[in-house]
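Following: one structure in structure tokens, then a few remarks.
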Amino acid sequence: MSQNHKPISPEDYEEPQCLLCGEPYGAEPKPEPIPQQRVVQKLDEYMSRRDYDGAERHLLYWLAEAKRVRDQRGELLVHNELIGHYRKVSNREQALVHIEEALKLLEELDFEGSVSAGTTYVNSATACSAFGENERALALFQKARVIYEANPDTRKHLLGGLYNNMALACQALGRYPEAFELYEKAMAVMQDVAGGVLEQAITCLNMADAVAAEQGLEAGETRIFQLLDQAYDLLHDESAPRDGYYAFVCEKCAPSFSYYGYFLAAEELQKTAEAIYERP
């Protein structure tokens, strides 16, 4: 070997990089990933006004943008938001489309054991349950449960949401002991979450429905009314911010109070929601 021989180094074959963009001169800069936080914040603005059409346009725009710049993590975020959106507007076909796309991305990104996967499984399962596919929902919830419970960094509100929604699927399948166990877990977890009183109120109303389904209205009357009173008190807890999400929960809970004869409570909650939505 010649004494003058030197190993080939990157400087010998790589173009010098631009100091501003970090790319070789003459190469196009790498596209930036979509601004996930800004996407979610803007979506919250649309939802606070119940502008579902605007929310859909917003999400579809950013989905196309994420695909254009090949930002698969951004795609996963937007697919998750679209699953929730189409569930809220009762569009089963589109919800299922985005479930399949989100699950496929988990595999491509090798995220299947991550907390992000758990969240995707919960979102997908909740939509499946809403559209009557409770067996599939329960299987997806179970996948999420394994991930969440094994990860010490799982935020408690994620666990609370999992337990509550998984209980609904069990309830729909007539598996009441499992449903009540999961509802109690949701109540306990959300007790330690800031603003968790709203989720606790929803859980109380879900439990009332489970009691009515299992025991009947007459046999379960005492317990049902206890749960309704507890839900009402939780909804009026001062720790819950009176924002767009509060309005959404009030609107969601009002029909349950009306169904069980709490007509004044239902009317009050609906008016509260309307007042918040009408704010400038």
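The values are calculated or read from the model by the stated rules, or taken from the named source; none is laboratory data. Since the model is a prediction, treat every value here as computed from it, not as a measurement. Note that each Cβ is placed from the backbone with ideal geometry, even for glycine, and that neighbours are counted across all protein chains shown.
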The number of residues in the stretch 59-89 that are touching a helix residue (DSSP H, G or I) at 6+ places or on another chain (Cβ under 8 Å) and among the hydroxyl-bearing types (S, T, Y) is 1
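Which residue out of A125, A102, A137, A144 is among the hydrophobic types (A, V, I, L, M, F, W, C), modelled with pLDDT of 95 or more and in contact with a Cys (Cβ under 6 Å, 6 or more places away or on another chain)? Steps first, please.
Values: A125 fails: in contact with a Cys (Cβ under 6 Å, 6 or more places away or on another chain); A102 fails: in contact with a Cys (Cβ under 6 Å, 6 or more places away or on another chain); A144 fails: in contact with a Cys (Cβ under 6 Å, 6 or more places away or on another chain).
Selected residue: A137, the only one of A125, A102, A137, A144 that is among the hydrophobic types (A, V, I, L, M, F, W, C), modelled with pLDDT of 95 or more and in contact with a Cys (Cβ under 6 Å, 6 or more places away or on another chain).
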Only one of A219, A213 that is of a type in the set (A, V, I, L, M, F, W, C), touching a residue at least 40 places away in the same chain (Cβ under 8 Å) and over 28 Å from T120 (Cα atoms): A213
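Kindly indicate whether any position in the stretch 104-120 is touching a residue at least 40 places away in the same chain (Cβ under 8 Å), in a helix (DSSP H, G or I), out of contact with any Asp or Glu (no Cβ under 8 Å at 6 or more places or on another chain) and farther than 23 Å from R73 by Cα. Let's see the steps before the verdict.
Initially, the stretch 104-120 is screened for residues touching a residue at least 40 places away in the same chain (Cβ under 8 Å), giving 115-116, 118, 120.
Those left that are additionally in a helix (DSSP H, G or I): 115-116, 118, 120.
Applying the additional criterion that residues be out of contact with any Asp or Glu (no Cβ under 8 Å at 6 or more places or on another chain) yields 116, 118, 120.
Within this subset, residues satisfying the condition of being farther than 23 Å from R73 by Cα are none.
Scanning the stretch 104-120 turns up no residue that is touching a residue at least 40 places away in the same chain (Cβ under 8 Å), in a helix (DSSP H, G or I), out of contact with any Asp or Glu (no Cβ under 8 Å at 6 or more places or on another chain) and farther than 23 Å from R73 by Cα.
Could you tell me which of the residues A265, A201 is modelled with pLDDT of 95 or more, part of a helix (DSSP H, G or I) and in contact with a Leu (Cβ under 6 Å, 6 or more places away or on another chain)? Reasoning before the result, please.
Numbers: A265 fails: in contact with a Leu (Cβ under 6 Å, 6 or more places away or on another chain).
Exactly one residue qualifies, and that residue is A201.
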Looking only at the stretch 227-253, filter to residues that are part of a helix (DSSP H, G or I) and either of a type in the set (V, I, T) or exposed (fewer than 15 other Cβ atoms within 10 Å of the Cβ) (or both); which one of those is nearest to the chain's Cα centre (by Cα)? V249
Of these, N134, N123, which one is surrounded by 19 or more Cβ atoms within 10 Å (Cβ to Cβ) and in contact (Cβ under 8 Å) with a residue 40 or more places away in the chain? N123
Of all residues in the stretch 121-149 being part of a helix (DSSP H, G or I) and either at positive phi or among the basic types (K, R) (or both), the one that is farthest from the chain's Cα centre (by Cα): R136
Complete set of residues in the stretch 150-185 that are under 23 Å from R87 (Cβ atoms) and not in a helix (DSSP H, G or I): T154, R155, L173, G174, R175
